[in-house]
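Student: I am attaching a structure below and will ask some questions about it afterwards.
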Amino acid sequence: MEPIRIGFIGGLSGPNSDNGQSGLNGLTLAVEQFNRAGGANGRLVEIIAKDDAQSKETATTSSNELVAAKVEAVVGPFTSSMAAAIVPITGQAGIFQVSPTITAMEFYGKDDNLFRINRTTRDNAGDYAKVMHGRGQKYVAVAYDLRNRAFTQSWLDEYRTAVKALGASLAAEVSYESAKDTDFEAVVAKMLEAKPDGLLFISGALDVARLAQAARKLAPQMPIAASEWAATEQLIDLGGQVVEGLLIVQNYDRDDASPRFKEFSDAYFKRFQRNPGYSSVSTYDAATVVLTALKNRKDGESVKAAALRSGPYQGLQQEMAFDANGDTVRKVYFTEIREGRYRRID
(Lines give C-alpha, C1' and ligand atoms only; values in the text may rest on other atoms or scores of the structure.)
Protein backbone atom coordinates (compact mmCIF):
# COMPACT_ATOMS: atom_id res chain seq x y z
CA MET A 1 0.00 0.00 0.00
CA GLU A 2 1.37 3.39 -1.00
CA PRO A 3 2.42 5.56 1.96
CA ILE A 4 0.78 8.91 2.59
CA ARG A 5 3.39 11.58 1.96
CA ILE A 6 3.44 14.71 4.08
CA GLY A 7 5.90 17.55 3.77
CA PHE A 8 8.04 19.34 6.30
CA ILE A 9 9.53 22.75 5.59
CA GLY A 10 11.65 24.79 7.97
CA GLY A 11 15.10 26.22 8.55
CA LEU A 12 17.40 23.20 8.69
CA SER A 13 20.55 25.21 7.97
CA GLY A 14 21.78 28.67 8.88
CA PRO A 15 22.08 30.59 12.15
CA ASN A 16 18.57 29.86 13.46
CA SER A 17 18.33 26.24 12.37
CA ASP A 18 17.69 25.11 15.96
CA ASN A 19 13.98 25.87 15.47
CA GLY A 20 13.72 23.88 12.28
CA GLN A 21 15.78 20.95 13.49
CA SER A 22 13.78 20.68 16.72
CA GLY A 23 10.58 20.92 14.72
CA LEU A 24 11.62 18.11 12.40
CA ASN A 25 12.44 16.00 15.46
CA GLY A 26 8.96 16.62 16.87
CA LEU A 27 7.31 15.64 13.59
CA THR A 28 9.52 12.57 13.21
CA LEU A 29 8.58 11.30 16.67
CA ALA A 30 4.87 11.89 16.08
CA VAL A 31 4.90 10.09 12.71
CA GLU A 32 6.90 7.15 14.06
CA GLN A 33 4.42 6.71 16.90
CA PHE A 34 1.48 7.09 14.50
CA ASN A 35 2.87 4.45 12.14
CA ARG A 36 3.53 2.01 14.99
CA ALA A 37 -0.12 2.41 15.99
CA GLY A 38 -1.30 1.39 12.51
CA GLY A 39 -1.07 4.66 10.58
CA ALA A 40 -4.07 6.07 8.73
CA ASN A 41 -6.28 2.99 8.52
CA GLY A 42 -3.34 0.82 7.60
CA ARG A 43 -1.47 3.33 5.42
CA LEU A 44 1.84 4.50 6.82
CA VAL A 45 2.96 8.12 6.68
CA GLU A 46 6.22 9.20 5.07
CA ILE A 47 7.90 12.58 5.69
CA ILE A 48 9.49 14.53 2.86
CA ALA A 49 11.63 17.16 4.58
CA LYS A 50 12.77 20.36 2.88
CA ASP A 51 15.02 23.19 4.07
CA ASP A 52 13.98 26.82 3.58
CA ALA A 53 17.42 28.01 4.80
CA GLN A 54 15.74 31.30 5.85
CA SER A 55 16.01 32.29 2.20
CA LYS A 56 13.08 33.32 0.00
CA GLU A 57 14.68 31.69 -3.03
CA THR A 58 15.36 28.40 -1.24
CA ALA A 59 11.90 28.43 0.33
CA THR A 60 10.29 28.92 -3.07
CA THR A 61 12.27 26.05 -4.59
CA SER A 62 11.53 23.75 -1.66
CA SER A 63 7.81 24.59 -1.73
CA ASN A 64 7.57 23.79 -5.43
CA GLU A 65 9.37 20.49 -4.79
CA LEU A 66 6.79 19.56 -2.15
CA VAL A 67 3.98 20.41 -4.58
CA ALA A 68 5.65 18.27 -7.25
CA ALA A 69 5.94 15.41 -4.75
CA LYS A 70 2.15 15.57 -4.30
CA VAL A 71 2.28 15.70 -0.52
CA GLU A 72 -1.10 15.56 1.24
CA ALA A 73 -0.17 18.15 3.86
CA VAL A 74 2.78 20.25 5.03
CA VAL A 75 4.02 20.94 8.55
CA GLY A 76 5.85 24.28 8.70
CA PRO A 77 7.20 26.85 8.10
CA PHE A 78 8.64 28.23 11.34
CA THR A 79 9.15 31.92 10.63
CA SER A 80 6.67 34.45 9.28
CA SER A 81 9.08 35.72 6.61
CA MET A 82 9.35 32.21 5.16
CA ALA A 83 5.59 31.76 5.42
CA ALA A 84 5.16 34.81 3.18
CA ALA A 85 7.08 32.96 0.46
CA ILE A 86 5.78 29.43 1.08
CA VAL A 87 2.07 29.71 1.88
CA PRO A 88 1.00 31.24 -1.46
CA ILE A 89 2.61 28.32 -3.30
CA THR A 90 1.20 25.51 -1.17
CA GLY A 91 -2.13 27.30 -0.81
CA GLN A 92 -2.59 27.69 -4.55
CA ALA A 93 -1.81 23.99 -4.95
CA GLY A 94 -4.57 23.18 -2.46
CA ILE A 95 -2.20 21.63 0.07
CA PHE A 96 -3.27 21.76 3.72
CA GLN A 97 -0.56 23.35 5.85
CA VAL A 98 -0.07 23.68 9.61
CA SER A 99 2.57 26.05 10.99
CA PRO A 100 3.70 25.28 14.52
CA THR A 101 5.10 28.72 15.28
CA ILE A 102 4.25 31.63 12.94
CA THR A 103 2.41 34.53 14.59
CA ALA A 104 2.44 37.57 12.25
CA MET A 105 -0.92 39.31 11.88
CA GLU A 106 -0.84 38.98 8.08
CA PHE A 107 -1.68 35.28 8.50
CA TYR A 108 -4.53 35.84 10.95
CA GLY A 109 -8.20 35.73 9.98
CA LYS A 110 -7.67 34.41 6.46
CA ASP A 111 -9.70 31.62 4.90
CA ASP A 112 -6.87 29.69 3.29
CA ASN A 113 -5.27 26.27 3.66
CA LEU A 114 -3.12 27.37 6.60
CA PHE A 115 -3.72 26.46 10.25
CA ARG A 116 -1.56 28.02 12.96
CA ILE A 117 -0.76 26.38 16.28
CA ASN A 118 0.60 29.58 17.84
CA ARG A 119 -1.12 32.76 19.01
CA THR A 120 -0.58 36.07 17.22
CA THR A 121 2.01 38.80 17.58
CA ARG A 122 -0.82 41.00 18.89
CA ASP A 123 -1.44 38.57 21.75
CA ASN A 124 2.21 38.12 22.65
CA ALA A 125 3.36 41.73 22.24
CA GLY A 126 0.37 42.94 24.25
CA ASP A 127 1.25 40.63 27.12
CA TYR A 128 4.90 41.70 27.03
CA ALA A 129 3.85 45.35 27.25
CA LYS A 130 1.75 44.66 30.35
CA VAL A 131 4.39 42.56 32.10
CA MET A 132 7.26 44.95 31.39
CA HIS A 133 5.14 47.98 32.31
CA GLY A 134 4.28 46.24 35.57
CA ARG A 135 7.99 45.89 36.25
CA GLY A 136 8.47 49.64 35.89
CA GLN A 137 9.81 49.56 32.33
CA LYS A 138 7.91 52.41 30.68
CA TYR A 139 10.53 53.67 28.24
CA VAL A 140 11.92 50.60 26.49
CA ALA A 141 14.32 50.55 23.53
CA VAL A 142 13.69 47.88 20.92
CA ALA A 143 16.01 46.21 18.38
CA TYR A 144 14.52 44.10 15.61
CA ASP A 145 15.96 41.90 12.88
CA LEU A 146 14.85 42.81 9.34
CA ARG A 147 15.78 39.36 8.07
CA ASN A 148 12.48 38.05 9.49
CA ARG A 149 10.64 41.32 8.95
CA ALA A 150 7.18 39.76 8.47
CA PHE A 151 7.39 38.73 12.12
CA THR A 152 9.56 41.40 13.70
CA GLN A 153 7.77 44.38 12.15
CA SER A 154 4.38 42.91 13.06
CA TRP A 155 5.58 42.26 16.62
CA LEU A 156 7.02 45.77 16.97
CA ASP A 157 3.87 47.43 15.62
CA GLU A 158 1.68 45.53 18.07
CA TYR A 159 4.06 46.20 20.97
CA ARG A 160 4.16 49.93 20.21
CA THR A 161 0.35 50.06 20.16
CA ALA A 162 0.08 48.17 23.45
CA VAL A 163 2.71 50.37 25.14
CA LYS A 164 0.90 53.55 24.08
CA ALA A 165 -2.37 52.15 25.44
CA LEU A 166 -0.64 51.89 28.82
CA GLY A 167 0.39 55.55 28.71
CA ALA A 168 4.05 54.78 28.00
CA SER A 169 6.23 55.14 24.91
CA LEU A 170 9.18 53.51 23.19
CA ALA A 171 12.60 55.03 23.73
CA ALA A 172 14.03 53.82 20.42
CA GLU A 173 13.36 51.46 17.53
CA VAL A 174 16.62 50.15 16.08
CA SER A 175 16.48 47.94 13.02
CA TYR A 176 19.36 45.79 11.78
CA GLU A 177 19.84 42.90 9.38
CA SER A 178 21.35 39.82 10.91
CA ALA A 179 24.61 38.66 9.35
CA LYS A 180 27.92 37.15 10.40
CA ASP A 181 29.52 40.60 10.54
CA THR A 182 26.66 42.51 12.21
CA ASP A 183 28.02 44.93 14.82
CA PHE A 184 25.74 44.08 17.74
CA GLU A 185 27.57 46.40 20.09
CA ALA A 186 26.72 49.30 17.78
CA VAL A 187 23.06 48.21 17.76
CA VAL A 188 22.93 48.22 21.56
CA ALA A 189 24.83 51.51 21.78
CA LYS A 190 22.19 53.10 19.55
CA MET A 191 19.44 51.70 21.79
CA LEU A 192 21.12 53.17 24.85
CA GLU A 193 21.42 56.67 23.38
CA ALA A 194 17.79 57.34 24.31
CA LYS A 195 18.47 56.43 27.98
CA PRO A 196 15.83 53.69 28.18
CA ASP A 197 14.78 51.81 31.30
CA GLY A 198 14.85 48.45 29.52
CA LEU A 199 16.02 46.72 26.33
CA LEU A 200 13.89 44.40 24.20
CA PHE A 201 15.27 42.25 21.37
CA ILE A 202 12.93 40.96 18.62
CA SER A 203 15.45 38.52 17.20
CA GLY A 204 16.41 34.87 16.99
CA ALA A 205 18.36 33.03 19.68
CA LEU A 206 21.83 33.52 18.18
CA ASP A 207 21.36 37.27 17.81
CA VAL A 208 19.80 37.65 21.26
CA ALA A 209 22.86 35.98 22.80
CA ARG A 210 25.10 38.49 21.00
CA LEU A 211 22.89 41.45 21.83
CA ALA A 212 22.78 40.41 25.48
CA GLN A 213 26.56 40.18 25.53
CA ALA A 214 26.81 43.74 24.22
CA ALA A 215 24.17 44.94 26.69
CA ARG A 216 26.03 43.43 29.66
CA LYS A 217 29.20 45.18 28.50
CA LEU A 218 27.65 48.61 27.90
CA ALA A 219 24.91 48.67 30.55
CA PRO A 220 25.41 45.80 33.02
CA GLN A 221 22.36 46.60 35.17
CA MET A 222 19.88 47.27 32.37
CA PRO A 223 16.87 44.88 32.31
CA ILE A 224 16.75 42.84 29.11
CA ALA A 225 13.98 40.90 27.40
CA ALA A 226 13.49 39.04 24.13
CA SER A 227 10.49 38.04 22.05
CA GLU A 228 9.36 34.42 21.92
CA TRP A 229 11.28 33.76 18.67
CA ALA A 230 14.47 33.36 20.73
CA ALA A 231 13.03 30.99 23.35
CA THR A 232 15.02 27.92 22.31
CA GLU A 233 17.54 25.69 24.06
CA GLN A 234 20.24 27.33 21.94
CA LEU A 235 19.72 30.69 23.63
CA ILE A 236 20.94 29.41 26.98
CA ASP A 237 23.70 27.29 25.43
CA LEU A 238 25.08 30.29 23.51
CA GLY A 239 24.28 33.06 25.98
CA GLY A 240 25.46 31.51 29.21
CA GLN A 241 25.91 34.09 31.94
CA VAL A 242 25.01 37.11 29.78
CA VAL A 243 21.38 35.98 29.35
CA GLU A 244 20.82 35.47 33.08
CA GLY A 245 17.77 37.50 34.13
CA LEU A 246 16.43 37.84 30.58
CA LEU A 247 12.62 37.93 30.37
CA ILE A 248 11.06 35.74 27.68
CA VAL A 249 7.76 33.99 27.02
CA GLN A 250 7.28 30.28 26.35
CA ASN A 251 4.26 28.81 24.59
CA TYR A 252 4.35 25.70 26.76
CA ASP A 253 4.99 24.85 30.41
CA ARG A 254 8.49 23.46 30.78
CA ASP A 255 7.73 22.34 34.33
CA ASP A 256 4.65 20.30 33.42
CA ALA A 257 4.75 17.05 35.42
CA SER A 258 1.63 15.51 33.85
CA PRO A 259 1.93 11.89 32.65
CA ARG A 260 1.12 12.91 29.06
CA PHE A 261 3.90 15.48 28.82
CA LYS A 262 6.39 13.31 30.71
CA GLU A 263 5.75 10.42 28.33
CA PHE A 264 6.42 12.73 25.38
CA SER A 265 9.55 14.23 26.95
CA ASP A 266 10.98 10.80 27.79
CA ALA A 267 10.27 9.47 24.30
CA TYR A 268 11.79 12.57 22.72
CA PHE A 269 14.96 12.29 24.82
CA LYS A 270 15.28 8.59 24.11
CA ARG A 271 14.94 9.20 20.36
CA PHE A 272 17.12 12.32 20.00
CA GLN A 273 19.30 12.42 23.16
CA ARG A 274 18.16 15.94 24.00
CA ASN A 275 15.23 17.59 25.73
CA PRO A 276 12.37 19.04 23.67
CA GLY A 277 11.98 22.79 23.22
CA TYR A 278 9.08 25.00 22.21
CA SER A 279 9.52 24.23 18.51
CA SER A 280 9.40 20.47 19.01
CA VAL A 281 6.39 20.73 21.35
CA SER A 282 4.46 22.94 18.91
CA THR A 283 5.38 20.72 15.98
CA TYR A 284 4.23 17.60 17.79
CA ASP A 285 0.90 19.38 18.35
CA ALA A 286 0.80 20.37 14.67
CA ALA A 287 1.45 16.75 13.73
CA THR A 288 -1.45 15.68 15.94
CA VAL A 289 -3.76 17.87 13.83
CA VAL A 290 -2.42 16.64 10.49
CA LEU A 291 -2.29 12.95 11.38
CA THR A 292 -5.74 12.94 12.97
CA ALA A 293 -7.21 14.64 9.90
CA LEU A 294 -5.54 12.09 7.58
CA LYS A 295 -6.92 9.23 9.65
CA ASN A 296 -10.45 10.68 9.81
CA ARG A 297 -10.67 11.89 6.21
CA LYS A 298 -13.61 10.54 4.24
CA ASP A 299 -13.54 9.62 0.57
CA GLY A 300 -13.44 12.79 -1.51
CA GLU A 301 -12.92 15.03 1.50
CA SER A 302 -10.07 17.54 1.66
CA VAL A 303 -7.55 17.31 4.48
CA LYS A 304 -8.55 20.81 5.58
CA ALA A 305 -12.22 19.85 5.81
CA ALA A 306 -11.29 16.74 7.79
CA ALA A 307 -9.15 18.86 10.10
CA LEU A 308 -11.97 21.32 10.78
CA ARG A 309 -14.39 18.46 11.41
CA SER A 310 -12.03 16.47 13.65
CA GLY A 311 -11.33 19.12 16.29
CA PRO A 312 -10.95 20.09 19.01
CA TYR A 313 -7.63 18.31 19.50
CA GLN A 314 -5.88 17.36 22.71
CA GLY A 315 -2.35 18.72 22.45
CA LEU A 316 0.52 17.82 24.73
CA GLN A 317 -0.52 20.43 27.30
CA GLN A 318 -3.66 22.17 26.10
CA GLU A 319 -6.67 21.68 23.89
CA MET A 320 -6.56 23.12 20.38
CA ALA A 321 -9.78 24.38 18.81
CA PHE A 322 -9.59 26.06 15.39
CA ASP A 323 -12.03 28.51 13.87
CA ALA A 324 -12.99 28.41 10.19
CA ASN A 325 -9.80 30.34 9.31
CA GLY A 326 -7.51 27.89 11.09
CA ASP A 327 -6.73 30.26 13.97
CA THR A 328 -6.57 29.15 17.59
CA VAL A 329 -5.62 30.49 21.01
CA ARG A 330 -2.71 29.28 23.12
CA LYS A 331 -1.75 29.81 26.71
CA VAL A 332 1.77 31.13 27.28
CA TYR A 333 4.08 31.37 30.27
CA PHE A 334 6.50 34.17 31.09
CA THR A 335 9.92 33.05 32.25
CA GLU A 336 13.25 34.46 33.32
CA ILE A 337 16.53 32.71 32.66
CA ARG A 338 17.96 31.87 36.07
CA GLU A 339 20.87 29.55 36.79
CA GLY A 340 20.88 28.35 33.21
CA ARG A 341 17.18 27.46 33.07
CA TYR A 342 13.91 29.00 31.94
CA ARG A 343 11.98 29.55 35.18
CA ARG A 344 8.33 30.58 35.27
CA ILE A 345 7.54 33.89 36.93
CA ASP A 346 3.74 33.78 36.69
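The values are calculated or read from the model by the stated rules, or taken from the named source; none is laboratory data. In this text the structure is predicted, and so the values were computed from the model without any measurement. For neighbour counting, all protein chains shown are included, and Cβ atoms are generated from backbone atoms with ideal geometry for every residue, glycine included. Ligands, DNA and RNA are stripped out before the accessible areas are found, and what is left, the full protein with its side chains, is counted by its heavy atoms. Shrake-Rupley method; radii C 1.70, N 1.55, O 1.52, S 1.80 Å.
Student: Within segment 102-147, work out how many residues are outside any helix (DSSP H, G or I) and either open to solvent by 40 Å² or more (accessible area, probe 1.4 Å) or acidic (Asp, Glu) (or both).
Tutor: Residues meeting the conditions: 10.
Student: Answer with yes or no whether Ser63 is at pLDDT 95 or above, open to solvent by less than 10 Å² (accessible area, probe 1.4 Å) and within 23 Å of Glu228 (Cα to Cα).
Tutor: So Ser63 does not fit the description; no.
Student: Taking Ala129, is it small (Gly, Ala, Ser) and within 17 Å of the chain's Cα centre (by Cα)?
Tutor: no
Student: Picking from Leu294, Leu211, which residue would you name as being in contact (Cβ under 8 Å) with a residue 40 or more places away in the chain and closer than 30 Å to Tyr139 by Cα?
Tutor: Leu211
Student: Pairs only if they're at least six apart or on different chains, beta carbon under 6 angstrom, first in segment 300-326 and of a type in the set (Gly, Ala, Ser), second part of a strand (DSSP E or B) and open to solvent by less than 60 Å² (accessible area, probe 1.4 Å); list them, first residue then second.
Tutor: Close Cβ pairs (under 6 Å, with a partner that is part of a strand (DSSP E or B) and open to solvent by less than 60 Å² (accessible area, probe 1.4 Å)) amount to Gly326/Leu114; Gly326/Phe115.
Student: Out of all the residues in segment 313-324, is one or more at pLDDT 95 or above, in a helix (DSSP H, G or I) and among the aromatic types (Phe, Trp, Tyr)?
Tutor: No, the conditions are met nowhere in segment 313-324.
Student: Just one of the numbered conditions (1) modelled with pLDDT of 95 or more; (2) under 23 Å from Lys110 (Cβ atoms); (3) open to solvent by less than 70 Å² (accessible area, probe 1.4 Å) is not true of Arg330; which one?
Tutor: Failing condition for Arg330: (1).
Student: Let me ask you something else. Restricting attention to segment 1-36, which residues are touching a Phe, Trp or Tyr at 6+ places or on another chain (Cβ under 7 Å) and open to solvent by less than 30 Å² (accessible area, probe 1.4 Å)?
Tutor: Gly10, Gly11, Asn19, Gly20, Gly23, Asn25, Gly26, Leu27, Leu29, Ala30
Student: Let me ask something else. Going by the conditions given, is Lys70 crowded, with 24+ Cβ neighbours inside 10 Å and either basic (Lys, Arg) or without any contact (Cβ under 8 Å) to a residue 24 or more places away in the chain (or both)?
Tutor: no
Student: Considering only segment 291-327, state which residues are within 21 Å of the chain's Cα centre (by Cα), over 20 Å from Gly277 (Cα atoms), open to solvent by less than 30 Å² (accessible area, probe 1.4 Å) and not hydrophobic (A, V, I, L, M, F, W, C).
Tutor: Matches in segment 291-327: Tyr313, Gly326, Asp327.
Student: Count, please, the residues in segment 125-164 that happen to be on the phi > 0 side of the Ramachandran plot and touching a helix residue (DSSP H, G or I) at 6+ places or on another chain (Cβ under 6 Å).
Tutor: Counting residues in segment 125-164 that are on the phi > 0 side of the Ramachandran plot and touching a helix residue (DSSP H, G or I) at 6+ places or on another chain (Cβ under 6 Å) gives 0.
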